[in-house]
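The values are calculated or read from the model by the stated rules, or taken from the named source; none is laboratory data. All of these numbers come straight from a predicted model, not from anything done at the bench. Don't worry about glycine lacking a Cβ; one is built from the backbone with ideal geometry, like all the others, and counts go over all protein chains shown.
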């Protein structure tokens, strides 16, 4: 595959690639759950994290449309407010094919944020799983690092839909009769990603110098935004997270040497 002009993936190839990525995620998440033992209390019917506002990349939406075609054609979505794919008993009706973000709910999470121009690790966990050793003292092997798998998924998305590499849709929109049309925040439609991204042997993501990323302070997803250097060296603006829709206050500092710092805060 050429790094400069990667061949777009067919629907079948994109679905197969998403399945392989999910298998890698499940392998790591299952091992981490076993290591943490009884601390992880997630169980059938525990669905507080299954919210209606969840959006997924189009490549994962393709997987769900393919594997849950009969369900989408014959069943009804859950009432608004709950994930559209929840059953009356609070079970996921597409559990085997659920998106990445659903596969790590409940685990202790770790990600990096900028503080005083220095990267600082931040950790969080579902309140239901807080009992036990403080998450701040857990070893790095016992937390889920946010970043690598998100970047791989974003790279896969760019290869699957090179013209709209940031294309997302809500899970409810996959159901016939629900609000149609994908969610594609105009400010995040980075067509350049299709040219700049490529998988290396470690399946990481390569981005241009005109893009920055931050971790949403609410859902902890990695979000990519374009950098407009014409707006001055110190920029502050509000963006709604395209995953959970919560507003983020973004502070962007552009340095004279071309580097930059982006900090996200709850708005």
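Structure summary
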read-out	value
Unmet requirement for residue 201, which otherwise passes all of (1) at pLDDT 70 or above; (2) exposed (fewer than 14 other Cβ atoms within 10 Å of the Cβ)	(1)
Neighbours by Cβ (under 6 Å, 6+ apart or cross-chain): first from the range 49-60, touching a residue at least 60 places away in the same chain (Cβ under 8 Å); second surrounded by fewer than 16 Cβ atoms within 10 Å (Cβ to Cβ) and in a loop (DSSP other than H, G, I, E, B)	52/80; 52/81
Test: residue 176 is without any contact (Cβ under 8 Å) to a residue 12 or more places away in the chain and either in a strand (DSSP E or B) or more than 24 Å from residue 249 (Cα to Cα) (or both)	no
Candidate set from the range 123-132 (those that are out of contact with any helix residue (DSSP H, G or I) (no Cβ under 8 Å at 6 or more places or on another chain) and in contact (Cβ under 8 Å) with a residue 40 or more places away in the chain); member that is surrounded by the most Cβ atoms within 10 Å (Cβ to Cβ)	126
Counted residues, the range 115-159 - those being farther than 24 Å from residue 41 by Cβ and either outside any helix (DSSP H, G or I) or over 21 Å from the mean Cα position of the chain (by Cα) (or both)	8
Answer residue from the range 144-153, given it is out of contact with any helix residue (DSSP H, G or I) (no Cβ under 7 Å at 6 or more places or on another chain) and closer than 11 Å to residue 108 by Cα and is surrounded by the most Cβ atoms within 10 Å (Cβ to Cβ) among those	146
Among residues of the range 33-51, those that are touching a helix residue (DSSP H, G or I) at 6+ places or on another chain (Cβ under 7 Å) and either outside any loop (DSSP other than H, G, I, E, B) or under 29 Å from residue 9 (Cβ atoms) (or both), counted	3
Count of the range 86-103 residues which are in contact with a helix residue (DSSP H, G or I) (Cβ under 9 Å, 6 or more places away or on another chain) and either at positive phi or outside any helix (DSSP H, G or I) (or both)	5
Residue check, residue 4 modelled with pLDDT under 95, loosely packed, with under 15 Cβ neighbours inside 10 Å, touching a helix residue (DSSP H, G or I) at 6+ places or on another chain (Cβ under 9 Å) and in a helix (DSSP H, G or I)	no
Failed criterion for residue 110 (all others in (1) at pLDDT 85 or above; (2) closer than 28 Å to residue 237 by Cβ; (3) part of a loop (DSSP other than H, G, I, E, B) hold)	(3)
Any chance residue 106 is on the phi > 0 side of the Ramachandran plot and touching a helix residue (DSSP H, G or I) at 6+ places or on another chain (Cβ under 6 Å)	yes
Some residue of the range 253-264 being surrounded by fewer than 14 Cβ atoms within 10 Å (Cβ to Cβ), in contact with a strand residue (DSSP E or B) (Cβ under 7 Å, 6 or more places away or on another chain), at negative phi and at pLDDT 80 or above	no
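Okay, residues lined up against (1) more than 26 Å from residue 147 (Cα to Cα); (2) assigned to a loop (DSSP other than H, G, I, E, B); (3) in contact (Cβ under 8 Å) with a residue 60 or more places away in the chain; (4) touching a strand residue (DSSP E or B) at 6+ places or on another chain (Cβ under 6 Å):
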| site | (1), (2), (3), (4) |
| --- | --- |
| 24 | no, no, yes, no |
| 27 | no, no, no, no |
| 70 | yes, no, no, no |
| 73 | yes, no, yes, no |
| 84 | yes, yes, yes, no |
